[in-house]
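Participant: Mind looking over this structure? Questions follow.
The values are calculated or read from the model by the stated rules, or taken from the named source; none is laboratory data. What you are looking at is a predicted structure, and each value in this text was computed from that prediction instead of being measured. Cβ placement follows ideal geometry from the backbone for every residue including glycine, while neighbour counts extend to all protein chains displayed.
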Amino acid sequence: MTESLFTRLEPLLAQVQKPIQYVGGEVNSQSKDFAAAEVRWALFFPDAYEVGQPNQGMAILYELLNACSSAPMPVGEQGDDDWLLAERTFTIWPDLAKLMRENGVPQFSWESHRPVRDFDVLGVSLSTELGYTNLLETLDLAGIPRYATDRTAADPLVIAGGHAVFNPEPVADFLDAVVLGDGEEAVLRVSALIRDHKRQGDAGREQLLLNLAKSGLVYVPSFYDVSYLPDGRIEAVRPNRPGVPARVGKQVLLELDEWQYPVQPIVPLAETVHERYSVEIFRGCTRGCRFCQAGMVTRPVRERGIQTVGTMVARGLAATGLAEVGLLSLSSADHTEIAGITGQLADRYAGTNVSLSLPSTRVDAFNIDLANELSRNGRRSGLTFAPEGGTDRMRQVINKMVSEDDLIRTVEIAFSQGWRQVKLYFMCGLPTETDEDVLAIAELAFRVIETGRRAANSRDVRCTISIGGFVPKPHTTFQWAGQADAETVNRRVRALKDKVRADRRYGRAITVRYAEGEPGMVEGLLSRGDRRVGKVIEQVWLQGGHFDGWREYFSYQRWLDAAAAVGIDLDWYTTRERSQDEVLPWDHLDLGLDRVWLWQDWVDARNGGEVADCRWAGCYDCGVCPALGVETQIGPTLRSLLPLTAGSEPVSV
Amino acid sequence: MSRQPPVQQPPPVQRVRLRYFKQGPARFASQQDFARAFERALRRAAVPMAYSSGFNPHPRISYSNAVPTGVASLAEYLEIALAQRIDPVSVQASLNRVLPGGFQIMAAVESDGTALAELLTHSAWRIDLGVDATAAVAAFLAADSVVVQRMGKAGLRELDIRAAVVALAADAGALSLRAVTGPGKVVVRPGDIVAGLAVVSPAVVSPGASLALRVAQGVWSDGRVRDPFGPEKLANDAANAGIVANL
């Protein structure tokens, strides 16, 4: 077994920025016996440590695979836990990567600093398309062939998961297998299959992939052939091996109260983007916002009860020493017990300097009540709301059913209760959007300031408008939509900014933040691309492109040049509207969503139809529950939390 | 409801000084990295910290003379303010159970109320050069002025480090040297000393793959850097660490 690369790495670390990020050994990191384990995962996040380490999915799988916590593990296999092991790896910044290539030091794992190529599995967390070039960069530094078909028994299986893989086709040639959906049970079952395969001796990589594909746990792209029509659209995607399923389903974890991870997340020494202990209070969202991929791919809603949340927070803080708690979900104010959770946690941690945060952007008075609970110490700086569209018509199209008057009433309450700043999130480039829809955001912001000044009886109120370019995503109502081109997005946003700036009464109280439209075009290409787009990613990487999620590294021109070089028409993939009969690159990946229902929602969007949340208004037939044999799991549990006493285990009744 | 004033925190009842080491891969942590890790360790160890008042209360910790990132140290100091009286030795023990690898508290004493920084005027260093330093050390000591360049946030700066290097000696094997730095217009770092040796001697290449260790901090007196916690404390853990902290 190759020994640690650390002695060769150490002199290089003295020459790079922020060397501490590469040394591992953080509090709660695990070092299991590498030689004794049968299945060894290198969990890889294709971005820098500071971005990847706080990732919740990585933290959960790391603990599960290392079986290192005392939380229950519903699937068998616990107990004899030394056969499994997970270490971490991240994309290395160019300064160190250059030195490593010059000195022949390959990509290493953060725990034992072993070559990543020595592991059985490289588990890739693909959460954003702009990380694809980092995938190629890290495979290269690891000495793992870029193309799955070029890999041998000496290479790890490259298995991806995360939100971006619901259309893995642009990176399909670089991946051996893909897990769709929740990873908790899937990684344990995949590990067991790999272990059984290894125990049977050298049956070959192809046989292992076949076993995995036939299990229905993973999608193995190389076992599917894609044929194309003369006009360039896909004709069909067909399995090319007997026994391989025509469609691959997503994994859904139920009973989240039984999976209380992360229990003791790693506490980084280096500074990272989130420095808090996060509890996912529920998974999934059925609000039905038509632009939102997360809401469609994570159905149905599954809550953790108030007592589980209380226990996880108490344990997580004790294990990490962190002082901030995040109550995560796609819309945290929608938890059936959220008032109890925020109020009772605020009671528990009163006077302890622990702060609680609730990422929620709901536009209503209830959301302000929650924010008030979490800011009892008097800090009332800013509240965030996400109307997403500038006009009532636009919000109807995206099914974000909040009227302008609702919004104004909500900010009036916020300003009258001591808040001094509101942040409003919008998108630009939505289907059917006109220049006027975007300019209307300025009028809305003016009303917000006018209302705020009156309600607060002060001129010291501010509004920040944050605008992102809309990118249509697979498996959403808008998956057929044409994306607005970068020029359109830039023109509309600039006109809005000019209008705000020119206003003498309110302009100075309003800040407009926006991103340029160009990265959105690349994201659009990679979101809805097919297998042919892989050549563009490869070409960009060959031309030196990586860390594309970072403004200082992203080059739009490099992407345009690469697309031209390999004969890919960027507009065809992005701004072209798809018809109902077109085979979409991800149609063979089955999330349970009924395609007819989704298409009807796309028709309704343009005809002013709305769809209610199935949690409160009954089933609207998206198809997920019956297709996957699952159901919405929500409270309220009617339980509550007791105050913590010093040094005691969390108590609840 | 209007904005509420922040809660006033009670004043500290005790101050405890800690000496800690920073070794191995942990030496790559910056001072800010250590400060975050140390605050979290205090919370894991449930040390009854005194907090500052204001909208954003933070535990009252005073750091002194942090070693540069990448340099190991056997002699880092800080002082914490406590809301309850507690035996310094038990603070040391409970922190050592929870600190990240590479950091350990070597000694803890109650503060006598003096300013810690005034007791930490000098530093003793050991620098592994990897080349024979004998001639370079002699040339350095013979010079009245040794000007080195240092890259800072504002760009390249020129510093005369000679006066602040109060002692310098090559070790018997000559591949490493010991230095004592003291107060001056600039705080001299080990990297500056290596750069200075490179200025006066072609045998030393800067920046080389040198490894530096801060061996002691204190007041320079009678050819020794005197630890502020007193000779007994120093003798005890110097023996533990297997080093001798004087020149």
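Participant: Quick one: which helices (runs of 4 or more DSSP H) lie wholly within segment A:345-452 and hold at least 3 residues that are not assigned by TED's automatic domain parsing to the domain that holds A:ARG606?
Facilitator: Here the list reads A:392-397, A:404-416.
Participant: Looking at A:SER458, is it surrounded by fewer than 24 Cβ atoms within 10 Å (Cβ to Cβ), in contact with a strand residue (DSSP E or B) (Cβ under 8 Å, 6 or more places away or on another chain) and not hydrophobic (A, V, I, L, M, F, W, C)?
Facilitator: no
Participant: Restricting to segment B:172-186, and then to whatever is surrounded by fewer than 16 Cβ atoms within 10 Å (Cβ to Cβ) and free of Cβ contacts under 8 Å to residues at least 60 places away in the same chain, can you tell me which residue is nearest to B:GLU118 (Cα to Cα)?
Facilitator: Here the answer is B:GLY184.
Participant: State all residues of segment B:167-211 that are modelled with pLDDT under 90, over 15 Å from B:ASP132 (Cα atoms) and of a type in the set (Asp, Glu); if no residue qualifies, say none.
Facilitator: The answer is none; no residue qualifies.
Participant: Could you tell me which of the residues B:ASN96, B:ASN56 is of a type outside the set (Ser, Thr, Tyr), under 30 Å from A:SER416 (Cβ atoms) and either more than 7 Å from every other protein chain (Cβ to nearest Cβ) or within 16 Å of the chain's Cα centre (by Cα) (or both)?
Facilitator: None of the others qualify; the one that does is B:ASN56.
Participant: Quick one: in segment A:96-126, which of the residues that are under 27 Å from the mean Cα position of the chain (by Cα) and β-branched (Val, Ile, Thr) is farthest from A:ALA172 (Cα to Cα)?
Facilitator: Within segment A:96-126, the match that is farthest from A:ALA172 (Cα to Cα) is A:VAL116.
To keep it simple, each residue is scored yes or no on (1) within 25 Å of A:TYR224 (Cβ to Cβ); (2) of a type outside the set (A, V, I, L, M); (3) touching a strand residue (DSSP E or B) at 6+ places or on another chain (Cβ under 7 Å).
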{"site": "A:PHE470", "(1), (2), (3)": "no, yes, yes"}
{"site": "A:GLU516", "(1), (2), (3)": "no, yes, no"}
{"site": "A:LEU526", "(1), (2), (3)": "yes, no, no"}
{"site": "A:ASP530", "(1), (2), (3)": "yes, yes, yes"}
{"site": "A:ASP548", "(1), (2), (3)": "no, yes, no"}
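Participant: Any idea which of (1) surrounded by 15 or more Cβ atoms within 10 Å (Cβ to Cβ); (2) in contact with a helix residue (DSSP H, G or I) (Cβ under 9 Å, 6 or more places away or on another chain); (3) part of a loop (DSSP other than H, G, I, E, B) is the one A:ALA605 doesn't satisfy?
Facilitator: Evaluating A:ALA605 over (1) surrounded by 15 or more Cβ atoms within 10 Å (Cβ to Cβ); (2) in contact with a helix residue (DSSP H, G or I) (Cβ under 9 Å, 6 or more places away or on another chain); (3) part of a loop (DSSP other than H, G, I, E, B) leaves (3) as the failure.
Participant: Something else now. Filter segment A:172-231 down to residues that are among the polar types (S, T, N, Q) and within 27 Å of A:ILE60 (Cα to Cα) and give me whichever is nearest to the chain's Cα centre (by Cα).
Facilitator: A:SER191
Participant: If you take the residues of segment A:406-442 that are touching a strand residue (DSSP E or B) at 6+ places or on another chain (Cβ under 6 Å) and within 14 Å of another protein chain (Cβ to nearest Cβ), which of them is surrounded by the most Cβ atoms within 10 Å (Cβ to Cβ)?
Facilitator: If we take residues in segment A:406-442 being touching a strand residue (DSSP E or B) at 6+ places or on another chain (Cβ under 6 Å) and within 14 Å of another protein chain (Cβ to nearest Cβ), then A:ALA414 is surrounded by the most Cβ atoms within 10 Å (Cβ to Cβ).
Participant: Now a separate question. All but one of (1) under 18 Å from A:LEU61 (Cβ atoms); (2) assigned by TED's automatic domain parsing to the domain that holds A:GLU111; (3) of a type outside the set (Lys, Arg) hold for A:ASN240, so report the exception by its number.
Facilitator: (1)
Participant: Condition check: free of Cβ contacts under 8 Å to residues at least 40 places away in the same chain, buried (at least 20 other Cβ atoms within 10 Å of the Cβ), more than 14 Å from chain B (Cβ to nearest Cβ) and over 18 Å from A:ARG453 (Cα atoms). Does A:SER403 satisfy that?
Facilitator: no
Participant: So, one more: Going through A:VAL165, A:VAL158 one at a time, which residue ends up being assigned to a strand (DSSP E or B), crowded, with 23+ Cβ neighbours inside 10 Å and at pLDDT 95 or above?
Facilitator: Just a single option satisfies the conditions, and that option is A:VAL158.
Participant: Report whether or not A:SER191 is farther than 19 Å from A:PHE119 by Cβ, in contact (Cβ under 8 Å) with a residue 60 or more places away in the chain and assigned to a helix (DSSP H, G or I).
Facilitator: So A:SER191 does not fit the description; no.
Residue-wise test of (1) under 17 Å from A:GLY482 (Cα atoms); (2) assigned to a helix (DSSP H, G or I); (3) outside the structural domain of A:ALA148 (by TED's automatic domain parsing).
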| residue | (1), (2), (3) |
| --- | --- |
| A:PHE554 | no, no, yes |
| A:ARG558 | no, yes, yes |
| A:GLN580 | yes, no, yes |
| A:ASP587 | no, no, yes |
| A:ASP601 | yes, yes, yes |
| A:GLY609 | no, no, yes |
| A:ARG615 | no, yes, yes |
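Participant: While we're on this one: Considering segment B:160-200 alone, what residues qualify as being outside any strand (DSSP E or B), touching a Gly at 6+ places or on another chain (Cβ under 9 Å) and of a type in the set (A, V, I, L, M, F, W, C)?
Facilitator: Hits for segment B:160-200 are B:ILE161, B:ALA163, B:ALA164, B:LEU175, B:VAL188, B:VAL194, B:ALA198.
Participant: While we're here: Which residue is nearest to A:PHE166 (Cα to Cα), if the candidates are limited to segment A:560-578 and must be among the charged types (D, E, K, R) and in a loop (DSSP other than H, G, I, E, B)?
Facilitator: My answer is A:ARG578.
Participant: Can you name the residue in segment B:99-120 that is crowded, with 19+ Cβ neighbours inside 10 Å and in a loop (DSSP other than H, G, I, E, B) and is also farthest from the other protein chains (Cβ to nearest Cβ) among such residues?
Facilitator: Per the criteria, the residue is B:LEU120.
Participant: Note down all Cβ pairs under 9 Å where the first residue falls in segment A:313-328 and is over 18 Å from B:ALA35 (Cα atoms) and more than 7 Å from every other protein chain (Cβ to nearest Cβ), the second is assigned to a loop (DSSP other than H, G, I, E, B) and among the acidic types (Asp, Glu), and they're at least six residues apart or on different chains.
Facilitator: Cβ pairs passing all conditions: A:ALA314/A:GLU649; A:ARG315/A:GLU649.
Participant: Quick check on my filter: what residues within segment B:4-50 are facing chain A (nearest Cβ under 7 Å) and in contact (Cβ under 8 Å) with a residue 40 or more places away in the chain?
Facilitator: B:PRO6, B:VAL7, B:PRO25, B:PHE28, B:ALA29, B:ALA37, B:ALA41, B:ARG44 - these are the residues of segment B:4-50 that are facing chain A (nearest Cβ under 7 Å) and in contact (Cβ under 8 Å) with a residue 40 or more places away in the chain.
Participant: So, one more: Regarding segment A:289-304, can at least one residue be identified that is away from chain B (no Cβ under 14 Å) and surrounded by fewer than 19 Cβ atoms within 10 Å (Cβ to Cβ)?
Facilitator: Yes, segment A:289-304 contains a residue that is away from chain B (no Cβ under 14 Å) and surrounded by fewer than 19 Cβ atoms within 10 Å (Cβ to Cβ).
Participant: Only one of A:ASP225, A:ASP257 is in a helix (DSSP H, G or I) and farther than 21 Å from A:PRO156 by Cα; which?
Facilitator: A:ASP257
Participant: Of the residues in segment A:203-232, how many are surrounded by fewer than 17 Cβ atoms within 10 Å (Cβ to Cβ) and more than 20 Å from A:VAL187 (Cβ to Cβ)?
Facilitator: Residues in segment A:203-232 being surrounded by fewer than 17 Cβ atoms within 10 Å (Cβ to Cβ) and more than 20 Å from A:VAL187 (Cβ to Cβ): 11 in total.
Participant: Does A:THR361 fit the bill of being touching a Phe, Trp or Tyr at 6+ places or on another chain (Cβ under 8 Å) and within 11 Å of chain B (Cβ to nearest Cβ)?
Facilitator: No; evaluated as a whole, the condition is false for this residue.
Participant: So, one more: Does any residue of segment B:216-239 turn out to be hydroxyl-bearing (Ser, Thr, Tyr), farther than 29 Å from B:ARG19 by Cβ and either modelled with pLDDT of 90 or more or crowded, with 18+ Cβ neighbours inside 10 Å (or both)?
Facilitator: no
Participant: Follow-up question, since we're still on this one. Against the definition (assigned to a strand (DSSP E or B) and among the hydroxyl-bearing types (Ser, Thr, Tyr)), how does B:SER123 come out, yes or no?
Facilitator: yes
Participant: Go through segment A:1-52 and report how many residues are within 14 Å of chain B (Cβ to nearest Cβ) and among the aromatic types (Phe, Trp, Tyr).
Facilitator: Count: 3.
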